[in-house]
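Engineer: My structure is below; once you've seen it, I'll send some questions.
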There are 2 protein chains.
Amino acid sequence: MPQTKESDNTRRSRRGSGAITLRDVAKLAGVAPITASRVLNTPEQVSVDVRQKVLDAVQKTGYVPNRMAGGLASSRSRLIAAVVPSTVMSVFMETIESLNGTLFDAGYQLMLGQSSYSASREESLLEAIIGRRPDGIFLTGVLHSGKGRTRLLASGIPVVETWDLTPAPIDMLVGFSHSDIGREVAKFLVGKGRRRLAMIRADDERAGRRAQAFAVEAERSGLAKVQVVDVGASRTIKSGREALGRLLEIDPEVDAVFCSSDLLASGVVTEARVRGIDIPGRLAIVGFGDVPFVADMVPALSTVHINGADIGRMAARCLIDRAEGREVASPLVDVGFSIVERDTT
Amino acid sequence: MPQTKESDNTRRSRRGSGAITLRDVAKLAGVAPITASRVLNTPEQVSVDVRQKVLDAVQKTGYVPNRMAGGLASSRSRLIAAVVPSTVMSVFMETIESLNGTLFDAGYQLMLGQSSYSASREESLLEAIIGRRPDGIFLTGVLHSGKGRTRLLASGIPVVETWDLTPAPIDMLVGFSHSDIGREVAKFLVGKGRRRLAMIRADDERAGRRAQAFAVEAERSGLAKVQVVDVGASRTIKSGREALGRLLEIDPEVDAVFCSSDLLASGVVTEARVRGIDIPGRLAIVGFGDVPFVADMVPALSTVHINGADIGRMAARCLIDRAEGREVASPLVDVGFSIVERDTT
DNA sequence: ATGAAAGCGCTAACAG
DNA sequence: CTGTTAGCGCTTTCAT
């Protein structure tokens, strides 16, 4: 239970939060503040009996160390910042969840920043993040704005970019190749005997690279030009449904669609079902992400599986190792992907 | 562009991060540190020309204020902690997104904590949060553990509980009544002429209250006892599908199901479709949450709509007002809900 | 194994 | 409007 700090008569001219401090604990235990600090941070440096006395005092006072003060004094905030484009129904949440879990177990806290807000806010997001002096920064996707890169580089804070591969990462990287995915999905579809491939994609740089490689591979296989429907920023079931409509107008003969997200693909499946288009007979559909629910849809969606949890875990390890001065075993990891074949192909 | 701190010959015995500090900026601008501080925090207190000089120095040095130091000195961290049970495919993400957005615009940062991890970790989560001295805490759901309540109360940090109503909130509250929902959905279904109601629910306290009220209202209307299928912790399409199977074994005559989440409901719809059960002819289905994609499913899901974004926004406002010493207009708000009728009823 | 001193980088108080 | 002084609560450094 909390108690007000004893009203000592020492000269005190400043406020303060009024909470129990290490000083209070130390006084109660009859030791110097630094000793109490050691009990909490490096107990092996303190004799057992002193240790116990301090622990008792902590218990009695309900003391919770002020990490802002600790961070300021040690230049180690034990804070990790994560930047995510969007959280709602996003394929990234599994990554964030495992990132957070791994960090928490190692004694780190997660700060969340959303980049999907206007580009002008990206600047202030970076400022806000750097201002907290996090021990590491987790980026969803790679940073392209040169300004942002420079700023992060200048801050000296360890950075891990994820969900992508780039020849010139800012620092560390845990991702996979979007081009490889585009190529492999095209090969996969061609191998299934599909001849008129199409892509339905959101306006997203990584989706663009998948689309690009997808189209190139189709062409290399001697197929007709891949039709592409761009749905803009929205990646919903609804836009997937509409996109299929548009696609069928452009090319009624299309026999396979690769979508840039599972949600879009679900929309395509839905629309095809409504129109009585046989899946996979007349139309094959491949999604991207393998979010939890698409495996249980009927028909179950064939999609590109990304191990998002692995990305979060590995990125966390990179960041933690760096923060604690350890050598990072592999600062550049390709987690790969797999094409999961289910009912729609 | 960053530059190393000038190697001054003043007595310096301690390290430091090596970053630019307010002192550096002030020196460059030829003013006292506090003046530079004022330019950044209360510019109206500083003359225009001095202001400009300092701003120039900030620009030149690429100075980013250390918020840990600022927070420590002012006892205001400008940090808000949010506790969420789960992030993956969760109905709460819209709330978190708007919470985060509103906070960010007001100059606050969001720290994310996950409570879904084991109960033993709940204790350390709270410790970790309080240790950061956030200016406010956002709770998804209400806190029931007495220990946790006491601890939060003792910390003196403003707390807002959400997504629920309780007669005895820790502090502030932005939510809605789960009992009301259960009752209203039952009435709604009865009004539609349904006579054999059932519930498929996850093992979750709030879902329990909806189920309870749902059953009571059904009984009040003279219907047969409501059959309840509990799916445990999982709230996936798959468990929804399985649950409908189990439900039909228990009561093949059931004509309406209220599910404790949209995902579960989607599973029920899917399974019904597979079994050739006519929706809504033979079976009516109601979900909960109105997550983005259920409106575009076929058939579109009837569900209970909760304005998650509103909850986030309002909770943020409560917390910010409190943090800034303002009176909170309405510390207890009921955002209500609405039953959205679509194709499944 | 324990402690004294000196800050980390910033801002509240109180001048002037 | 600007500055001086004294910390916020903790940990590093250097002694003992």
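Engineer: Under 15 Å from the Cβ of A:T35, count the other residues' Cβ atoms, weight Lys and Arg +1, Asp and Glu -1, and hand me the total. Spell out each step's value before the answer.
Structural biologist: On the way: positive: A:R23, A:K27, A:R38, A:R51, A:K53; negative: A:D24, A:E44, A:D49, A:D56.
Combined, the nearby Lys, Arg, Asp and Glu give +1.
Engineer: A further question follows. Can you give me the % of accessible surface on the range A:21-61 that is carbon or sulfur? Probe 1.4 Å, all protein chains present, nothing else counted.
Structural biologist: Numbers: 1330 of 2410 Å².
Carbon and sulfur together cover 55 percent of it.
Engineer: Less than 14 Å apart at the alpha-carbon level, and either on another chain or at least 8 residues along: which aspartates and glutamates does that give for A:K53?
Structural biologist: Within the straight-line cut-off, A:K53 pairs with A:D24.
Engineer: Residues of the range B:65-87 that become at least 50 Å² less accessible with every protein chain present than in their own chain isolated, using 1.4 Å: which are they?
Structural biologist: Buried on complex formation: B:R67, B:M68, B:L72.
Engineer: Suppose R0 equals 30 Å. What FRET efficiency, 1/(1 + (r/R0)^6) with r the Cβ-Cβ distance, do A:D251 and A:L153 give to the nearest 0.05?
Structural biologist: Details: r = 46 Å, r/R0 = 1.52.
In this case the efficiency is close to 0.05.
Engineer: Points 7 angstrom from Cα along the Cβ direction at A:E44 and A:S17: gap in nanometres?
Structural biologist: It works out to 3.0 nm between the two label points.
Engineer: Determine the sum of side-chain charges near B:G289: Lys and Arg each +1, Asp and Glu each -1, restricted to other residues whose C-beta is under 11 angstrom from that of B:G289. Please list the in-between numbers first.
Structural biologist: Numbers: positive: B:R235; negative: B:E94, B:D262, B:D290.
Residues near B:G289 contribute -2 overall.
Engineer: Tell me, what % of the accessible area of the range A:178-305 is carbon and sulfur with a 1.4 angstrom probe?
Structural biologist: Values: 2250 of 4780 Å².
Using a 1.4 Å probe with all protein chains present, the range A:178-305 comes out at 47 percent carbon and sulfur.
Engineer: Using DSSP to call loops (not H, G, I, E or B), can you name the trypsin sites (Lys or Arg not before Pro) in the range B:250-335 whose Cβ has at most 16 other Cβ atoms within 10 angstrom? Don't skip to the end; give the middle numbers.
Structural biologist: On the way: sites: B:R273, B:R275, B:R282, B:R313, B:R317, B:R322, B:R326; in loops: B:R282, B:R326.
The qualifying sites are B:R282, B:R326.
Engineer: Whole number please: convex hull volume per residue, Cα atoms of the range A:163-318, in Å³. Walk me through the numbers on the way to the answer.
Structural biologist: Values: hull volume 17.0 nm³, N = 156.
Once divided by residue count, the hull of the range A:163-318 is 109 Å³.
Engineer: Moving to a separate point now. Kindly list the residues of the range A:326-341 that lie in the label zone of A:K187, defined by a backbone N under 17 Å from the point 7 Å along the Cα-to-C-beta vector.
Structural biologist: The answer is A:335-341, whose backbone nitrogens lie closer than 17 Å to the label point.
Engineer: I would also like to ask the following. Between B:D334 and B:D278, what is the label-point separation in nm under the 7 Å Cα-to-beta-carbon projection?
Structural biologist: For the pair B:D278/B:D334, the computed spacing is 3.9 nm.
Engineer: A further question follows. Could you state, as a whole-number percent, how many of the C-alpha pairs of the range A:80-217 are farther apart than 25 Å? If you can, show how the numbers build up before the last one.
Structural biologist: Numbers: 3290 of 9453 pairs.
Across the range A:80-217, Cα pairs with separations above 25 Å total 35 percent.
Engineer: Something else about it: Please get the size of the charge dipole for the protein assembly as shown, origin at its Cα centre, with Cβ charges of +1 on Lys and Arg and -1 on Asp and Glu, quoted in debye to the nearest 20.
Structural biologist: On the way: 88 positive and 82 negative charges, 459 e Å.
I would put it at about 2200 debye.
Engineer: Probe radius 1.4 Å, ligands and nucleic acids left out: can you give me the accessible area buried at the A-B interface, summed over both chains, in Å² to the nearest hundred? Can you show the working numbers first?
Structural biologist: Working: alone 17580 and 17610 Å², together 29480 Å².
Rounded to the nearest hundred, the buried surface is 5700 Å².
Engineer: Beyond 11 Å, what percent of the Cα pairs of the range A:21-61 remain? All intermediate terms of the calculation are to be shown ahead of the outcome.
Structural biologist: Working: 427 of 820 pairs.
In whole percent, the share of Cα-Cα pairs in the range A:21-61 beyond 11 Å is 52.
Engineer: Using a 1.4 angstrom probe, figure out how much accessible area the protein assembly as shown has per residue, in square angstrom, rounded to the nearest whole.
Structural biologist: Working: 29480 Å² over 690 residues.
Per residue, the protein assembly as shown has 43 Å² of solvent-accessible surface.
Engineer: Relative to the isolated chain, which residues of the range B:232-259 have their accessible area cut by 10 Å² or more in the presence of all protein chains (1.4 Å probe, heavy atoms, no ligands or nucleic acids)?
Structural biologist: B:I237, B:K238, B:R241
Engineer: So, one more: How compact is the range B:258-303 by the rule of thumb for globular proteins, expressed as Cα Rg over 2.2 N^0.38 Å?
Structural biologist: Cα Rg divided by the expected 2.2 N^0.38 Å: 1.01.
Engineer: Please compute the average number of Cβ atoms from other chains found within 10 Å of each residue's Cβ in peptide A:88-95. Before the final figure, lay out the partial values.
Structural biologist: Numbers: counts 14, 8, 5, 1, 2, 6, 3, 2.
Mean inter-chain Cβ contacts per residue within 10 Å come to 5.
Engineer: Let me know the whole percent of all Cα-Cα pairs from chain B that are separated by more than 26 Å.
Structural biologist: Within chain B, distances greater than 26 Å cover 58 percent of Cα pairs.
Engineer: Count the net charge of all other residues whose Cβ sits under 11 Å from the Cβ of B:L165, scoring Lys and Arg as +1 and Asp and Glu as -1.
Structural biologist: On the way: positive: B:R206, B:R209; negative: B:E161, B:D164, B:D180, B:D334.
That works out to -2.
Engineer: On to the next question. A 27 angstrom limit on the alpha carbon distance is what I want to check against. Which of A:K192/A:K225; A:K147/A:K187; B:K147/B:K187; A:K238/B:K225 exceed it? Please list the in-between numbers first.
Structural biologist: Details: A:K192/A:K225 18 Å; A:K147/A:K187 38 Å; B:K147/B:K187 38 Å; A:K238/B:K225 38 Å.
Going by Cα-Cα distance, A:K147/A:K187; B:K147/B:K187; A:K238/B:K225 fall outside the 27 Å limit.
Engineer: Here is a follow-up. Considering only protein heavy atoms, with the full assembly of protein chains and a 1.4 angstrom probe, order B:E122, A:E219, B:E217, B:E242 by accessible area, largest first.
Structural biologist: On the way: B:E122 60, A:E219 130, B:E217 10, B:E242 105 Å².
The ordering from most to least exposed comes out as A:E219, B:E242, B:E122, B:E217.
Engineer: Taking each residue in A:291-298, count the Cβ atoms of any other chain within 10 Å of its Cβ, then average. What number comes out? Please list the in-between numbers first.
Structural biologist: Working: counts 2, 6, 10, 1, 3, 12, 6, 8.
Shielding by partners across A:291-298 averages 6.
Engineer: Ok, one more. To the nearest 20 debye, what charge dipole does chain A have about its Cα centre, counting +1 at the Cβ of each Lys and Arg and -1 at the Cβ of each Asp and Glu? Write out the running numbers ahead of the final one.
Structural biologist: On the way: 44 positive and 41 negative charges, 257 e Å.
Rounded to the nearest 20 debye, it is 1240 debye.
Engineer: Let me ask another. To the nearest 500 deg cm²/dmol, what mean residue ellipticity at 222 nm is calculated for chain B from DSSP H runs of n ≥ 4 alone, each contributing -39,500 (n - 2.57), summed and divided by the residues? All intermediate terms of the calculation are to be shown ahead of the outcome.
Structural biologist: Details: 12 runs with 149 residues, N = 345.
Here the helix-only value at 222 nm equals -13500 deg cm²/dmol.
Engineer: Could you work out how much longer the chain between B:D203 and B:S234 gets when fully extended? Use 0.36 nm per residue separation minus the Cα distance between them, nm to one decimal. The partial results should precede the final answer.
Structural biologist: Details: separation 31, 0.36 × 31 = 11.16 nm, distance 0.82 nm.
This chain segment gains 10.3 nm when fully extended.
Engineer: Another question, if that's okay. Tell me whether the protein assembly as shown comes out rounded, prolate or oblate; compute the Cα gyration tensor, take square roots of the eigenvalues as a ≥ b ≥ c, and use a/c under 1.5 as the rounded threshold. If you can, show how the numbers build up before the last one.
Structural biologist: Details: a/c = 2.22, a/b = 1.39, b/c = 1.60.
In terms of gyration-tensor shape, oblate.
Engineer: Quick one: if you stick a label point 7 Å off each Cα along the C-beta vector at A:D343 and B:D310, how many nm between them?
Structural biologist: Placing both labels 7 Å beyond Cα along the Cβ direction yields 3.7 nm.
The values are calculated or read from the model by the stated rules, or taken from the named source; none is laboratory data. Computed from a predicted model, the values in this text were never measured in an experiment. Don't worry about glycine lacking a Cβ; one is built from the backbone with ideal geometry, like all the others, and counts go over all protein chains shown. Remember, those area values only see protein heavy atoms, side chains included, never the ligands or the DNA or RNA. Shrake-Rupley method; radii C 1.70, N 1.55, O 1.52, S 1.80 Å.
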